[in-house]
Each structure stands twice: as C-alpha cells, then as structure tokens.
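The values are calculated or read from the model by the stated rules, or taken from the named source; none is laboratory data. Please read all numbers here as calculations on a predicted model, not as lab measurements. Here Cβ is always computed from backbone atoms with ideal geometry, including for glycine, and neighbour counts include all displayed protein chains. We work out accessible area using only protein heavy atoms, side chains counted, and drop any ligands, DNA or RNA first. Shrake-Rupley method; radii C 1.70, N 1.55, O 1.52, S 1.80 Å.
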Amino acid sequence: MRNLFALFTMLLAVLSFTGCSLDETENFRFVALPIESVEIPESFDLNETYEIKVTYLRTSDCAFFEGFDIVKEDTTIRTVAAIGSMLSDSDDCKEVLEEVETSFNFIVLYPDTYLFKFYTGEDANGEAEYLEIEVPVNE
C-alpha cells in the first residue's frame with residue numbers, strides 16, 4: 001500500500017511539471033487606455049468613500065478593460081490610468097473608438113486637497129498627458 005501511494009505521488013508530481021511549459025509566451029500585453037472624461041465630486045468629506053466615474057476609450061476590439069492603476073505620488077496626489085489587456089497574437093484586430101464608462105471607489109484619508117492626474121494618452125512626442133483635477137476636502 002505504501003509503494004502504491006509513493007508511486008501515485010511521483011506520477012502526480014511528474015504530470016504536474018510536464019503539464020505546463022515555461023517557454024510559452026503570453027498572448028497579451030497590458031496597455032494604458034486613454035481616459036476621455038471623469039465624474040468626480042467638487043469636494044470631499046474626510047473619511048468618506050466616493051465613487052469616481054471614468055470614461056475611457058477602447059481603441060481596438062482586441063483590448064479588454066482589466067482595472068485601474070492608481071499610484072500615490074505624494075500624500076494627496078494620485079495618478080490614475082485605466083489598464084487594459086491587448087491580445088498580441090491576433091492579426092484580425094479591428095480599430096474601434098468605443099467610449100466605455102466604469103468607476104472605482106476612493107476613500108478620503110487626508111484633510112488636504114487631492115490632486116488627481118488621469119492619463120489621457122500621449123502627445124506627438126510620446127510624452128504622457130494628464131487631465132488634472134483638484135478636489136478640496138471639507139473641514
């Protein structure tokens with residue numbers, strides 16, 4: 001019985017390691033999707049949670065929204081990018097210019113004015129451009 005268990009364990013281990021190949025490449029890449037517009041309150045109250053609505057541009061039928069990358073640059077400065085996955089092994093992707101609305105929740109933790117920098121794309125030189133919005137916090 002012990003030998004049967006050991007044999008089963010070894011067989012399971014061999015199948016686990018041969019079932020996947022580390023040499024396979026991913027068929028997608030992550031991309032920043034340009035943000036077209038933002039709905040955000042004119043002011044915040046401390047320790048409250050707010051829904052921030054974002055409209056981003058889906059540029060290809062091979063691009064799929066994955067979420068937001070929100071980077072805390074300083075105490076009350078946030079850089080926000082909509083992140084999508086783009087299929088990289090498909091030759092039949094079509095350009096679409098579809099505006100899609102989504103949102104994220106934001107908790108106000110500091111009493112100072114917040115500066116949000118929403119990624120809107122790149123300029124002609126390939127430099128990132130942002131829509132900057134300041135939101136004061138009520139005392």
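See the values below:
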{"read-out": "Residues in region 30-60 reached by a label modelled at residue 75 [backbone nitrogen below 15 Å; 7 Å Cα→Cβ]", "value": "46-47"}
{"read-out": "Sulfur and carbon atoms: percent of accessible area, region 50-139 [1.4 Å]", "value": "43"}
{"read-out": "Within-13-Å neighbourhood charge of residue 37 [Cβ basis; K, R +1; D, E -1]", "value": "-3"}
{"read-out": "Equivalent-ellipsoid semi-axes of region 58-139, from the Cα gyration tensor, Å, largest first", "value": "31, 14, 11"}
{"read-out": "Charge tally in the Cβ shell below 12 Å around residue 55, where Lys, Arg are +1 and Asp, Glu are -1, residue 55 excluded", "value": "-3"}
{"read-out": "Shape metrics for region 40-85, restricted to C-alpha atoms - Rg then Dmax, Å", "value": "13.5, 40"}
